[in-house]
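Here's the structure we're looking at; comments come further down.
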Amino acid sequence: MSAPLDPLAVFAGFGFGLSLIVAIGAQNAFVLRQGLLRRWVLAVVAVCALSDVALIALGISGVGLVFERVPALMVVARIGGAAFLLAYGALAARRAIRPAVLDPGTEASAGSRASTGLLPTVLTCLALTWLNPHVYLDTVVLLGSVATTHGDSRWLFGIGAATASVVWFTALGFGARLLRPVFARPLAWRVLDGLIAVVMVAIAASLLIGL
């Protein structure tokens, strides 16, 4: 006989989910930047949120065990993810050297007109999400493991975690516009892109050191 469902598992999942995603990382940095530029924000938020929902479902369904039992998969993921993050970090560093100027009254910013179409934006967002091994370690393996401790309520835990992702990415993407006056200055973009470059390289280094 199964145990009764625990409604509090939803709140536990929400809190745990926020603890994993509210941090400076590749995905959050990209969402913030797109939010500041007001470019394809809805698409970026949707890709990030739906990706998290899918990864959470995979973790709770037990797919995380595959990564634990086949270490070679994680090695490949680490190398591929590190290569992509280093490349993206190099682009961010180049933007920091030649910072954009954002006009709060328009949608355009000088120096950042290239690769602004919907498809390149979505593909970049997908790559930053699915090519980052930390996503699998945190969302699939770790969150999936914690969810199993809630027994029959593990899917309620997952619903809470998924809700946290939707709330966070929506707030980050659409709330970034409040900072647009600050980013009317090239120095602000230089600092942001410099920080993004450092974060990307640091994450890539941590992936390679962990091999």
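The values are calculated or read from the model by the stated rules, or taken from the named source; none is laboratory data. All figures in this text were calculated on a predicted structure; none of them were measured in a lab. Positions of Cβ are generated from backbone atoms using ideal geometry, with glycine treated the same way; all protein chains shown enter the neighbour counts. Note: accessible area is taken over every heavy atom of the protein model, side chains too, but ligands, DNA and RNA are not part of it. Shrake-Rupley method; radii C 1.70, N 1.55, O 1.52, S 1.80 Å.
At a glance:
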quantity	calculated
Of all residues making up region 70-88, the number that are over 18 Å from the mean Cα position of the chain (by Cα), in contact (Cβ under 8 Å) with a residue 24 or more places away in the chain and surrounded by fewer than 17 Cβ atoms within 10 Å (Cβ to Cβ)	2
Of all residues making up region 153-171, the number that are of a type in the set (A, V, I, L, M, F, W, C) and open to solvent by 10 Å² or more (accessible area, probe 1.4 Å)	8
Qualifying residues in region 172-211 (those that are among the aliphatic types (A, V, I, L, M), farther than 24 Å from Leu137 by Cα and open to solvent by 60 Å² or more (accessible area, probe 1.4 Å)) - the one modelled with the highest pLDDT	Leu178
Which listed residue is at pLDDT below 90 and farther than 30 Å from Ser153 by Cα, from Phe67, Phe84	Phe84
Condition met for Gly173 (part of a helix (DSSP H, G or I) and farther than 20 Å from Leu20 by Cα)	no
Leu20 more than 24 Å from Phe183 (Cα to Cα) and out of contact with any Lys or Arg (no Cβ under 9 Å at 6 or more places or on another chain)	yes
Residue in region 31-38 that is at pLDDT below 85 and either open to solvent by less than 20 Å² (accessible area, probe 1.4 Å) or charged (D, E, K, R) (or both) present	no
